[in-house]
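Trainee: Dumping the structure here so I can ask a few things about it.
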Amino acid sequence: MDERTPWQWLRRPLPLLRRLAVESSGRFRTARTWQVTTGSAAVGLAVAAVAVTAAGPWDSSGQRTAERHLAASREAGGGADHAGGAPGERAPGAAPSAPAVLAGLRAPARGGPGGKALADVLDPVLKDRALGPERAAVVVDVATGKRLYGKRADDALTPASTTKIATAVAALSAAGPDHRLTTSTVLQPDSREVVLVGGGDPTLTAREEGRYVEGYASLRELADDTARALKKHGKDPKDPKDRKDRKDRKDPVRLSYDDTRYTGPSRHPIGPNENITPVSALMADEGRLDDSTSGPAPRTEDPAGDAARKFADLLRARGVDVRADVGPAKASPRAARLARTSSPALSVLVERMLTHSDNDIAEALARETARASGEPLSFAGGSRAIRDRLEKLDLPLAGAEFADGSGLDREDRLTAELLAALLARAADRDHPELRSAVTGLPVAGFTGTLVNRYPQGSPGTGLVRAKTGTLTGVNTLAGTVVTADGRLLAFAFMTTGTTDPSGAQAALDAMASAAAACGCSA
């Protein structure tokens, strides 16, 4: 366990940032003026969460307790916050830094960023001992696709949760940003058996209110619609007030559930873990046993069964007489459809996944990629499909290995070159379908897993969007940054063998901040 106080570990990058503040041009001071105008709320986010970063030790799963709580600590929204509103009703609200981040896409075509200038500010930080024995770094100019900086760019290292960037791009390419995941109920032929059919939506919610309820698929609304449909089919019991005697009572409805959409093992190779529920095509609220919507939480071992039992209770509350025994079944092709509820668009799910580093959504998106690619909807099928889709996008896959969609598996291997290329492709005007892989990245100092990183004085605050990745001995950071010249850069910084997690994290953040402060035009 790292025993330094939050302020002690924050001091590590401060000398570098002070030097950058002194040596940078007036344009850097303009960036800092912009940061001040974001208001005191941003300061509160950064300061209130500092203690979380250094609060906990590394647990047996290899994820530091502090980082696992980042997303849940403030329940901050994503790069574009989709917490409310029905799908398709309105455009998502932008995070505070969205104008500055996206401005780089419209940067004038004057002299581009220079590699030597970047090397001058990045090389000293990359030598930090906290980054361990294996480190790789790449910076790419998004406007031109030119590599501006590279160190061991082709080395395939453990990416941890930055794997989710690859999953996002593959899923958006394969299924499309408007694709939705549908949970339905059907009535088996010539029977009183209702089947709840899982469609692979881990964000299906049984909650009545709270974050990620409005605009998401609702088990309660599905129960409303199913009860009405049963009445039309004549399968619901009469109201007790209307019964003359018990002979008028109909047989109760039998409820079953179908979670056969997925194949293969449901348990992630990491084993039972608070970071991920057994992967199932049917679950409610990601199988969480508390009221959280992100971060670690106690998880059910039977997500499909639990969701079905919750649904049975909801039907009973709506006057449907449901038998006590609820079990698995396969919906017949001849079953009559009763009701359905759909997730937000896949682009929304991608943003939520990236913002909070959501492992359950990541594995669901890997399986949707497999479905669109004709592969089995399993860990193995998802891994093959992700690689296939990225190959179709002509991305550099040499050395890459995909073992899952979330990055929890240590068998995953990606290169810094590939991570930067994924981000550059997602920001490419010619691929608008991939854009949510960029807009969903946490904003430094504001949202998701970066909400309590990049303190108020950092030049990266509000200008860096990045996906974090943390396992024991592994620290990664990959995202985009707007330089003091207004250029949008994609970067990927990877380390393996780290023994000082807080120091490694601070050094990676300092590298992204250095790029933000750089007046790097050639």
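The values are calculated or read from the model by the stated rules, or taken from the named source; none is laboratory data. Remember, it's a predicted structure, so these values are computed and weren't measured experimentally. Please note that ligands, DNA and RNA were not included when accessible areas were found on the heavy atoms of the full protein model with its side chains. Shrake-Rupley method; radii C 1.70, N 1.55, O 1.52, S 1.80 Å.
Trainee: Hey, which of these cross-link pairs are over 25 Å Cα-Cα: K146/K392; K116/K392; K231/K310; K310/K467; K392/K467?
Mentor: Details: K146/K392 21 Å; K116/K392 33 Å; K231/K310 20 Å; K310/K467 34 Å; K392/K467 23 Å.
Pairs exceeding 25 Å: K116/K392; K310/K467.
Trainee: Return one whole number: the accessible area per residue of the stretch 319-396 in Å², for a 1.4 Å probe.
Mentor: Working: 2860 Å² over 78 residues.
Ligands and nucleic acids excluded, the figure is 37 Å² per residue.
Trainee: Could you check how much of the accessible area of the stretch 436-515 is carbon and sulfur, as a whole percent, using a 1.4 Å probe? Spell out each step's value before the answer.
Mentor: Numbers: 510 of 860 Å².
Accessible surface attributable to carbon and sulfur in the stretch 436-515 totals 59 percent.
Trainee: For the stretch 351-431, what is the convex hull volume of its Cα atoms per residue in Å³? Write out the running numbers ahead of the final one.
Mentor: Values: hull volume 8.1 nm³, N = 81.
Per residue, the Cα convex hull of the stretch 351-431 comes to 100 Å³.
Trainee: Assign one of three labels to the stretch 392-500, namely rounded, prolate or oblate, based on the Cα gyration tensor with a ≥ b ≥ c the square roots of its eigenvalues; rounded applies when a/c is under 1.5, prolate when it is not and a/b is larger than b/c, and oblate otherwise. Show your work: numbers first, answer last.
Mentor: On the way: a/c = 1.87, a/b = 1.10, b/c = 1.70.
Oblate shape, in that a/c is at least 1.5 and b/c is the bigger or equal ratio.
Trainee: Ok, one more. Could you tell me how far the Cα centroid of the stretch 469-498 sits from the Cα centroid of the stretch 254-272, in Å?
Mentor: 34 Å
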